[in-house]
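Engineer: The structure under discussion is supplied below as structure tokens; questions concerning it will follow.
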Amino acid sequence: MITRIKAAFVIGYADGDHCILPNAELVHEDGTIVFVGRDYPGAVDINIDAGQAVVSPGFIDLNALADIDHALFDSWPDPTRRLGLVWSESYLRDHGAVFTREQLRFRREFALSQLVRNGITTLMPIASESYHEWCEDYEDLADTADAVEALGVRAYLGPSYRTAVPYTDGKRVMLHEDERRGLDGLDQAVRFAQDFEGRAHGLIRAALLPARIETQTEKTLQLTRQAADELKLPVRLHAAQGLFEVETMISRTGRRPLPYLADLGFLAERTFIPHAWTIPGHSHMPAAFGTGDDLALLSDSGTTVLLCPIPMAHYGGMLDSYDSYRERGVRIALGTDSAPPNMIRAMDLAMGMTKTLTGDRSSAQAADLLRSATVDPAESLGRSDLGRLAPGAQADYFVLDLTGSHIGPLADPVRTLIMNADGRDITQVVVAGRTIVDKGEIVTVDTSGYRERAQEFLDHYIASLTVSDFARRPLHELLPPSFPLR
């Protein structure tokens with residue numbers, strides 16, 4: 001089946017980079033692009049005129065929220081209430097999973113549908129750990145794989161695992177360690193990779209996704225690196241994302257997170273470090289945590305940083321400069337990591353936050369940000385067939401309508417997309433040549449009732465926090481509303 005789609009603008013790819021093609025067309029035969037340009041000479045089976053719209057490569061989100069978001073209740077509390085969102089000592093000793101397997105499966109289905117609606121065609125999921133009995137497991141990700149296949153999105157999957165969980169006595173946060181459980185989680189992750197790599201005609205690929213660095217032991221990190229190298233899998237590890245983590249790692253190992261990982265040989269190509277902002281020289285980094293060139297460790301090893309501006313704006317924190325990392329040769333890929341999983345909003349926030357921090361209006365250029373959401377993560381994955389619209393590449397793209405009155409008049413289409421448009425302006429999403437979103441609605445699975453079920457999930461999640469709170473406070477005290485309810 002040969003499909004041609006015409007639009008006012010197509011973001012093509014030539015001479016190693018994106019290019020803008022006004023009044024152009026994209027042609028794909030089933031899942032592969034065969035032509036990008038004007039006046040395709042061959043016959044087509046389906047002809048679509050998108051009109052005043054942008055046809056763009058699909059976004060690649062390698063820190064994609066695959067959960068019902070928790071920022072609504074944990075991004076604003078004061079320190080006392082914040083401790084109430086960490087497991088108490090009594091809860092650590094005696095608790096079970098908060099949700100059933102069916103509820104967990106639904107939260108994946110809902111989150112995946114939200115990602116796709118926002119033009120994300122390739123994803124690597126991240127989810128909360130706090131409502132699990134310990135962490136994700138094989139069965140949870142097997143259900144996720146089923147949901148990915150039904151929806152038709154492209155995904156890099158694997159259960160997360162950890163050797164420690166945070167808990168509190170009401171005064172400070174500590175870590176309860178159980179290396180055996182982390183090693184079992186790694187075994188499940190390897191088994192998942194062996195069972196699911198290449199499933200769904202190649203839409204599902206495997207990855208190793210250990211949880212945050214302070215919840216790992218040296219053994220799990222070394223074995224993760226070994227397994228990733230043997231199975232040729234990408235790896236993601238949250239590191240250098242907060243002062244508690246840095247202090248913990250220095251206390252435990254005598255080194256900051258990134259030098260520690262470099263010494264272990266963990267940093268490498270196809271390795272992704274979300275956030276990576278608590279490094280020497282950052283304005284929030286205490287001088288007592290030492291000096292050194294952590295950016296050189298990332299650049300020299302080919303490690304990719306996953307920049308997630310939405311949670312950084314919610315929780316406070318940001319790279320001192322998006323451009324300074326790139327100028328040092330560190331590849332940056334953008335992620336959402338929070339709700340709304342809106343990559344356009346993430347690009348706009350990255351632009352605004354960088355300009356504010358640097359005082360340089362020429363920083364965080366729109367072209368660089370689009371690269372960070374498309375071709376750069378594709379290159380980091382070793383996928384020259386993703387993140388670009390060119391003959392031979394996968395037919396993964398979205399159509400963004402430019403006619404909305406809120407967008408206003410057009411200038412450069414990429415700058416207009418980032419600064420004036422929104423994920424809600426995306427009308428069509430195609431993955432591997434298959435339409436997943438049409439006229440703004442999911443067409444591959446039935447999403448009726450999703451909104452109501454997601455609300456039930458979040459309500460249950462929030463209610464469970466009173467049980468794990470060290471002070472067992474009622475909800476109106478632990479998480480009071482913005483204004484009094486009358």
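The values are calculated or read from the model by the stated rules, or taken from the named source; none is laboratory data. What you are looking at is a predicted structure, and each value in this text was computed from that prediction instead of being measured. In this analysis, Cβ positions are derived from the backbone assuming ideal geometry, glycine residues included, and neighbour counts consider all displayed protein chains.
Engineer: Looking at the stretch 157-199, which of its residues are outside any helix (DSSP H, G or I), more than 21 Å from the chain's Cα centre (by Cα) and among the small types (Gly, Ala, Ser)?
Structural biologist: ALA164, GLY170
Engineer: May I ask you to list the residues in the stretch 215-259 that are of a type in the set (A, V, I, L, M) and either in contact with a Cys (Cβ under 7 Å, 6 or more places away or on another chain) or in a helix (DSSP H, G or I) (or both)?
Structural biologist: Matches in the stretch 215-259: LEU221, LEU223, ALA227, ALA228, LEU231, LEU243, VAL246, MET249, ILE250, LEU258.
Engineer: Does LEU157 satisfy being touching a Ser or Thr at 6+ places or on another chain (Cβ under 9 Å), closer than 25 Å to ILE332 by Cβ and in contact (Cβ under 8 Å) with a residue 12 or more places away in the chain?
Structural biologist: Values: touching a Ser or Thr at 6+ places or on another chain (Cβ under 9 Å): yes; closer than 25 Å to ILE332 by Cβ: yes; in contact (Cβ under 8 Å) with a residue 12 or more places away in the chain: yes.
When the stated conditions are applied, LEU157 passes them.
Engineer: Taking ALA64, is it under 30 Å from SER128 (Cα atoms), among the aliphatic types (A, V, I, L, M) and touching a strand residue (DSSP E or B) at 6+ places or on another chain (Cβ under 7 Å)? Lay out the reasoning, then the answer.
Structural biologist: On the way: under 30 Å from SER128 (Cα atoms): yes; among the aliphatic types (A, V, I, L, M): yes; touching a strand residue (DSSP E or B) at 6+ places or on another chain (Cβ under 7 Å): yes.
Judged against the criteria, ALA64 is a match.
Engineer: From the set of residues in the stretch 252-309 that are among the polar types (S, T, N, Q) and under 25 Å from ASP348 (Cβ atoms), which is modelled with the highest pLDDT?
Structural biologist: Within the stretch 252-309, the match that is modelled with the highest pLDDT is THR304.
Engineer: Quick one: PHE244 ticks every box in (1) under 19 Å from the mean Cα position of the chain (by Cα); (2) in contact (Cβ under 8 Å) with a residue 60 or more places away in the chain except a single one, so which number is it?
Structural biologist: (1)
Engineer: Also: With respect to the numbered conditions (1) part of a loop (DSSP other than H, G, I, E, B); (2) more than 22 Å from LEU157 (Cα to Cα); (3) within 21 Å of the chain's Cα centre (by Cα); (4) not hydrophobic (A, V, I, L, M, F, W, C), which one is the sole condition not fulfilled by GLY392?
Structural biologist: (3)
Engineer: Now, a different point. Looking at the stretch 229-261, which of its residues are closer than 21 Å to GLY302 by Cα, of a type in the set (A, V, I, L, M) and surrounded by 21 or more Cβ atoms within 10 Å (Cβ to Cβ)?
Structural biologist: Answer for the stretch 229-261, where residues must be closer than 21 Å to GLY302 by Cα, of a type in the set (A, V, I, L, M) and surrounded by 21 or more Cβ atoms within 10 Å (Cβ to Cβ): LEU233, VAL235, LEU237, ALA239, ALA240, LEU258, LEU261.
Engineer: For the stretch 27-141, please list each of the helices (runs of 4 or more DSSP H) lying entirely inside it that holds at least 1 residues being out of contact with any His (no Cβ under 9 Å at 6 or more places or on another chain) and of a type in the set (Phe, Trp, Tyr).
Structural biologist: Per the criteria, 71-74, 89-93, 101-117.
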